1. If r is the Cβ-Cβ distance from GLU60 to ASN158 and R0 is 41 Å, what FRET efficiency results, to the nearest 0.05?
2. Please rank ILE30, ILE73, fewest neighbouring Cβ atoms within 10 Å first, as an exposure proxy.
3. At 222 nm, what value in deg cm²/dmol follows for the chain if DSSP H runs of at least 4 each add -39500 (n - 2.57) and the sum is divided by all its residues, to the nearest 500?
4. Sticking with the crude label model, points 7 Å out along Cα→Cβ, report the distance from ASP85 to ASP22 in nm, one decimal please.
5. In what sequence do ASP228, ASP223 fall when counting other Cβ within 10 Å, fewest first?
6. Need the full-extension length gain, ARG39 to VAL176, defined as separation in residues times 0.36 nm minus the C-alpha distance. One decimal, nm.
7. What fraction of the DSSP beta bridges in the chain is antiparallel, stated in percent and rounded to the nearest 5?
8. Among SER151, SER174, SER53, SER111, rank each residue by its count of other Cβ atoms within 10 Å, from fewest to most, as a rough exposure measure.
Amino acid sequence: MAGVPTFASYPSFLSVRKTTPDARFCVAGIPYDIATSFRPGARFGPNAIRQISRMLLDGENPHDWSDISDLDIADLGDFDIRIGDVPESMKMIEAQASAIDHLITLGGDHSITLPLLRALAKKQGPVGLVHFDAHIDTWPDTFGQVHGHGSVFYHAINEGLVDPQRMIQVGIRSPVQKTVHDWTTGKGVEIISGPEMHRTTPDEIARRIKEKVGTGKTYLSFDIDCIDPSQAPGTGTPEIGGAQTWQILAILRQLRGIRFVGMDVVEVAPAYDHAEITSLAAATIAWQYLCLQAGDSDATR
């Protein structure tokens, strides 16, 4: 350890100073939670994740000694939204994301993933999807709200933004109608449920993820409620029986080689957190994603 103490470091994500969208990797917050179905508060997630991310500045990743200090990273601050207006906010998020090459997004509720995928698909075409969550998020609507946070991947599949034959969901365990579950798997989506996740190993889950998405361009979407509320209480729709943080890291560390083109970590609601443990989990997931990029010879260009 050397230099400025972590608690006094610059309060951006990982204390990066660059703020321009020409960076190879751009971090942006989306302080948006008007599409939630239970507890609000994810609008405060981006800043909470940034604040605790400074815990990750002490050195390289001891798993493989990857070093993100060689990456060209910028923190663009937060996207603009239209408070109380879901359709207009979706348009604004898509427009702001469209100008960015490789985006790491700090949410915000999970509905923000839809406009992010719309912007991405216009540039990349349909992408594969690795989705960590407690909820299937393929309901046609969320308690009558067409673009609620439980409907994001229903629309993403129907709009052709993702290729469901290259889509895998990990940690699913909430109550769900069988018709919704069967519609999802009928489209080709592979589901690794919460109980199944606990019965197998992180190595096997990582193998199945890599086999499912193949070599094509792929997006990572991580809902923090995939993690058990004992380790991530700060979220709007907690579900017991979730992943432990060690399991998540063990899986993510083995995803090198997947052709990722963007990611988000969503649903951090700091008002329900304790000692910043949920925010730290989210920050570490985004950091681990960047560590994967640091091991890619193309990522430092």
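1. Once rounded, the FRET efficiency stands at 0.45.
2. Arranged by neighbour count, lowest to highest, ILE30, ILE73 become ILE73, ILE30.
3. Details: 9 runs with 94 residues, N = 301.
Taking each H run of at least 4 residues, the total per residue is -9500 deg cm²/dmol.
4. Each label point is offset 7 Å from its Cα along the Cβ direction, giving 3.2 nm.
5. ASP228, ASP223
6. Values: separation 137, 0.36 × 137 = 49.32 nm, distance 1.87 nm.
Using 0.36 nm per residue and subtracting the Cα-Cα distance, I get 47.5 nm.
7. 5
8. Working: SER151 23, SER174 19, SER53 27, SER111 30.
Fewest to most other Cβ atoms nearby, the residues stand as SER174, SER151, SER53, SER111.
Values quoted throughout were computed directly from the atomic coordinates according to the rules given, and no laboratory measurement underlies them. Keep in mind that what you see is a predicted model, and the values were worked out from it rather than measured. As a convention, Cβ positions derive from the backbone with ideal geometry for all residues, glycine included, and neighbour counts pool all protein chains shown.
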